[in-house]
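Chemist: Here it is, the structure in full.
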Amino acid sequence: MRANSTFPQMNFSTINNIRQSVKQNMMSENISSSSTQRKDHSVNPFEDPNMYLGNQTHFSIVPVSDEIKKKLKAIVMEEMIENNGMTGNHSKRVDVKRAYLDSVAPEKRIDVKYTLDRILIDEGRRLVEFVKSKDPNWDFGKPFDKSILEGEQYYQKFDMQA
């Protein structure tokens with residue numbers, strides 16, 4: 001009696017090919033279903049459909065109000081002083097950004113968010129550079145003389161433009 005006489009001869013390469021094609025089909029199904037989910041924003045009521053990036057890879061710096069620039073820079077300064085240059089609780093910056101983004105036209109939100117993030121990053125870098133210029137031995141997380149950020153010293157060195 002022959003075993004497996006009803007099945008065609010299969011070798012390991014055939015099994016691997018089948019496994020690979022099944023895996024590719026599953027991956028393509030996942031991709032197509034996830035892109036369908038992203039377009040159907042009723043799946044997540046907390047998701048802002050205007051913040052979906054899609055295939056967008058280039059973002060632009062766009063004009064934002066001087067008030068939001070000042071608020072964000074003040075938040076970065078507070079975080080620098082409170083956390084000695086380390087990141088801390090970002091709830092205040094998130095709340096300020098979210099409130100501003102809600103006031104912007106939906107089709108402009110992605111570029112505005114990018115601009116706000118650039119303001120935060122650039123201001124953080126300027127603060128670090130300034131503190132290191134005054135205290136070359138300072139490093140992130142180490143205490144520094146907070147008085148160097150008070151008054152006009154910091155603001156005279158750096159232009160407050162975004």
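None of the figures in this text is laboratory data; all of them are computed from the coordinates on show. Note that the structure is a prediction, hence the values are computed from the model and not measured. Ideal geometry is used to build each Cβ from the backbone, glycine not excepted, and the neighbour counts take in all protein chains shown.
Chemist: Points 7 angstrom from Cα along the Cβ direction at residue 70 and residue 20: gap in nanometres?
Modeler: Reported label-point gap for residue 70 and residue 20 is 6.3 nm.
Chemist: Hey, another quick one. Pop the C-beta distance of residue 142 and residue 98 into the FRET formula with R0 = 25 Å and round what comes out to the nearest 0.05.
Modeler: On the way: r = 32 Å, r/R0 = 1.28.
Calculated value: 0.20.
Chemist: Provide the gained length on full extension for the span residue 135 to residue 117, in nm with one decimal, where the gain is 0.36 nm per separating residue minus the Cα-Cα distance. Don't skip to the end; give the middle numbers.
Modeler: Details: separation 18, 0.36 × 18 = 6.48 nm, distance 2.69 nm.
Full extension from residue 135 to residue 117 adds 3.8 nm.
Chemist: Among the lysines, select those whose C-alpha is under 22 Å from the C-alpha of residue 134, and discard any that sit fewer than 8 residues away in the same chain.
Modeler: Straight-distance partners of residue 134: 73, 142, 146, 157.
Chemist: What ranking do 111, 117, 66 get, fewest neighbouring Cβ atoms within 10 angstrom at the top?
Modeler: Values: 111 17, 117 14, 66 11.
Lowest count first: 66, 117, 111.
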